[in-house]
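Down below is the structure, laid out as structure tokens.
Just so it is clear, none of the values below were taken in a lab; they were calculated from the coordinates. These numbers come from a predicted model, not from an experiment. Every residue, glycine among them, receives a Cβ derived from its backbone with ideal geometry; neighbour counts consider all protein chains shown.
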Amino acid sequence: MNAVDTALENPPIADWRSYPVSADLVEVKAAADALETVWSDGRVSPFHHQWLRDNCSCSKCVYSVTREQLFEIVDVPEQLHPQRTRIDEQGHLLIDWQDGHHSRFHPGWLRAHAYDEASRAERRAQRPHSRLWGAEMNEQLPQFDYQAVMTDDSALLHWLVAVRDIGLTQLLGVPTSEDVLPTLAKRISFIRESNFGVLFDVQSKADADSNAYTSFNLPLHTDLPTRELEPGLQFLHCLVNDATGGESVFVDGFAVAEALHQEAPELFRTLCDTPIEFRNKSRTSDYRCLAPIIALDAHGAVSEIRMGNFLKGPFDAPVERMAALYSAYRRFIEMTREPRFRVQRRLEAGQLWCFDNRRTLHARTEFDPTSGARHFKGCYVDRDELLSRIHVLQR
């Protein structure tokens with residue numbers, strides 16, 4: 001049997017993951033425009049003919065090297081239907097289509113993608129969920145060992161899942177040389193460059209082009225709300241911190257949004273529905289973005305917080321909505337100042353913050369630049385890169 005015959009005999013799953021069989025296929029029933037599959041645990045999963053044909057993973061429909069689809073559903077009749085169906089000895093669903101095409105579906109893959117309500121509810125329950133936090137994080141901060149993260153993929157995965165689900169982590173035992181941060185960040189993936197560079201130095205500068213590069217109190221914010229896509233992860237690596245003051249402050253923006261939703265739903269909705277403009281102006285660049293402070297994902301969950309009072313432009317809202325916008329804006333900032341949400345810790349040399357910049361608001365208390373040196377190294381990695389790395393490590 002040649003390679004082509006083998007590919008036809010054993011078509012690949014159009015994915016790089018594996019799919020364990022949690023229930024066996026025991027029966028297939030014909031319906032008007034679908035097949036009803038009956039599983040060994042009693043669940044019944046209808047699959048429409050078009051869905052099945054669209055997801056055929058044979059070598060004619062999916063290129064086995066890339067596992068990307070070659071087939072497009074418009075290339076077969078809309079009313080295409082199976083001529084014959086059966087379950088083989090390995091438990092696969094086999095379909096002979098009326099046009100002569102043959103499809104085979106792995107039972108684990110088919111169950112994992114079933115779209116009956118029970119199966120969809122299972123997938124919703126299995127999706128990662130954000131773990132909201134408040135002041136208790138002062139005592140429960142997730143901390144990880146730098147050497148373990150750099151040398152052990154299981155430790156790396158443990159850290160990245162915490163970044164994804166909690167949004168605030170700290171690494172300990174980090175060498176204080178300036179070349180360490182890019183090596184760590186690339187343990188995840190590519191570094192995102194911005195107008196501040198691939199890496200940036202957070203220290204007081206006489207010719208600062210951002211308040212972050214001064215010794216002032218820096219209020220709670222997310223970095224680069226002026227961009228269409230805010231950076232996902234932010235790293236801050238402490239090389240030296242001998243100055244008086246300058247403590248790091250964090251607030252879980254998702255927790256504040258949820259509390260606002262519960263306590264004042266009309267204010268929450270205003271911040272979801274009303275875009276405001278953020279502006280980042282310097283001598284050589286001018287970035288602007290019009291977006292709401294609270295963004296929701298396709299499932300209706302909070303997916304992003306965009307905040308930076310020192311970067312916002314004048315509100316531009318209809319006259320009848322301006323008062324409501326200010327009420328919502330004021331309340332959100334008031335809540336971020338409440339002790340129940342606030343985490344405040346000093347970062348020492350050899351320690352590193354890694355947090356979700358599109359979720360976790362961060363700030364810095366004022367420090368005295370004459371009292372000692374203070375130098376943090378920073379960079380960004382997009383959230384997509386974090387999620388991709390987690391998926392690869394998990395599979």
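In the range 141-198, the residue that is surrounded by the fewest Cβ atoms within 10 Å (Cβ to Cβ) out of those that are under 22 Å from Thr222 (Cβ atoms) and of a type in the set (Gly, Ala, Ser) is Gly197.
Looking across the range 35-67, just one residue is more than 19 Å from Asp99 (Cα to Cα), touching a strand residue (DSSP E or B) at 6+ places or on another chain (Cβ under 7 Å) and among the charged types (D, E, K, R), and that is Glu36.
Every residue in the range 324-371 that is under 30 Å from Pro275 (Cβ atoms), among the polar types (S, T, N, Q) and surrounded by fewer than 20 Cβ atoms within 10 Å (Cβ to Cβ), please. Of everything in the range 324-371, just one residue is under 30 Å from Pro275 (Cβ atoms), among the polar types (S, T, N, Q) and surrounded by fewer than 20 Cβ atoms within 10 Å (Cβ to Cβ), namely Ser327. Considering the range 98-116, and only residues there that are farther than 17 Å from Ser22 by Cβ and of a type outside the set (Gly, Ala, Ser), the residue that is surrounded by the fewest Cβ atoms within 10 Å (Cβ to Cβ) turns out to be Asp99.
If you scan the range 104-147, which residues turn out to be touching a Phe, Trp or Tyr at 6+ places or on another chain (Cβ under 7 Å), within 28 Å of Leu260 (Cα to Cα) and outside any loop (DSSP other than H, G, I, E, B)? If the condition is that a residue be touching a Phe, Trp or Tyr at 6+ places or on another chain (Cβ under 7 Å), within 28 Å of Leu260 (Cα to Cα) and outside any loop (DSSP other than H, G, I, E, B), then no residue fits. Could you grab me the full set of residues in the range 161-171 that are part of a helix (DSSP H, G or I), over 17 Å from His237 (Cβ atoms) and not small (Gly, Ala, Ser)? Passing the criteria: Val161, Arg164, Asp165.
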